[in-house]
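S.K.: Before we start, here is the structure in question, set down as structure tokens.
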Amino acid sequence: MYAGNRSGGVLRSLDGGATWAPAGNGLPPLNEVLAVAVDPIIPARVYAWVQAGGLFVSADRGGSWTAAETGEAARRSGIEAGRAAMAVDRVVPGRVYIGNSGVVQIDTLGDPGGDNDD
């Protein structure tokens, strides 16, 4: 279980929410995390949409993070949490959709034949 922190970083619970610990190694330290989601096909992959930072991915359940897309994802992140939405595709591994006034498709494992902007 994961939660984005308004003052930066991600929190992770390994016991159903009874306790929480920081899991933001590699994320911008003070940027608000707008949304967090787990890849349903690859459960060890977690995504964080970071304000003014872009889309970040963790391949080790939040142990460490790397930037996956810092162009359009960062440009669209100039919004308040609650107005941002992120969804992970249940069919295509690594495909993430982020949006506020429109939707952007980001393929974090490479482009499997589709385009990245809808």
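S.K.: Out of (1) 18, 16, 15; (2) 30, 16, 12; (3) 21, 17, 12, which label holds the value of semi-axes √(5λ) of the Cα gyration tensor in Å that was computed here?
M.R.: (3)
S.K.: Tell me, what is the percent relative contact order of the chain, built from C-alpha pairs under 8 Å that lie six or more residues apart? If you can, show how the numbers build up before the last one.
M.R.: Numbers: 287 pairs, mean separation 20.6, N = 118.
The normalised contact order for the chain reaches 17 percent.
S.K.: Then there's this: Mind putting a number on the dipole of the chain about its Cα centre? Charges go on the C-beta only, +1 for Lys and Arg and -1 for Asp and Glu, and I need it in Debye to the nearest 20.
M.R.: Dipole magnitude for the chain comes out near 380 debye.
S.K.: Next up: Probe radius 1.4 Å, ligands and nucleic acids ignored: give me the carbon and sulfur share of the accessible area of the chain as a rounded percent.
M.R.: On the way: 3100 of 5990 Å².
Of the solvent-accessible surface of the chain, carbon and sulfur hold 52 percent.
S.K.: Sort 42, 98 by heavy-atom solvent-accessible area, probe 1.4 angstrom, most to least. Provide the component values of the computation, followed by the final result.
M.R.: Numbers: 42 55, 98 0 Å².
In descending accessible area the options line up as 42, 98.
S.K.: Taking θ as phi - 60°, what are the ³J(HN,Hα) couplings along region 61-75 by the Karplus curve (6.51, -1.76, 1.60), each to the nearest whole Hz, with x for Gly and Pro?
M.R.: Running phi through 6.51 cos²θ - 1.76 cosθ + 1.60 with θ = phi - 60° gives 6, x, x, 8, 10, 9, 5, 9, 7, 10, x, 4, 4, 6, 4 Hz.
S.K.: Could I ask something else about it? Rank 66, 91, 14 by how far each Cα sits towards the positive end of the charge dipole of the chain (+1 on Lys, Arg Cβ; -1 on Asp, Glu Cβ) and give me just the farthest.
M.R.: 14
S.K.: Here's another thing I want to ask about it. Residue 15 to residue 89: extension gain in nm, 0.36 nm per residue of separation minus the Cα-Cα distance?
M.R.: Working: separation 74, 0.36 × 74 = 26.64 nm, distance 2.56 nm.
My answer for the length gained is 24.1 nm.
S.K.: Using only DSSP helix segments of four residues or longer, with each worth -39500 (n - 2.57), what per-residue ellipticity at 222 nm results for the chain after dividing by its residue count and rounding to 500? The partial results should precede the final answer.
M.R.: Details: 1 runs with 4 residues, N = 118.
The helix contribution divided over the chain gives -500 deg cm²/dmol.
S.K.: Would you mind working out the accessible area per residue for the chain, using a 1.4 Å probe, and quoting it in Å²? All intermediate terms of the calculation are to be shown ahead of the outcome.
M.R.: Details: 5990 Å² over 118 residues.
Dividing the accessible area of the chain by its residue count gives 51 Å².
The values are calculated or read from the model by the stated rules, or taken from the named source; none is laboratory data. What you see is a predicted model, and the numbers here were worked out from it, not measured in a lab. With ideal geometry, Cβ positions are generated from the backbone for all residues, glycine too; neighbour counts draw on all protein chains shown. Note: accessible area is taken over every heavy atom of the protein model, side chains too, but ligands, DNA and RNA are not part of it. Shrake-Rupley method; radii C 1.70, N 1.55, O 1.52, S 1.80 Å.
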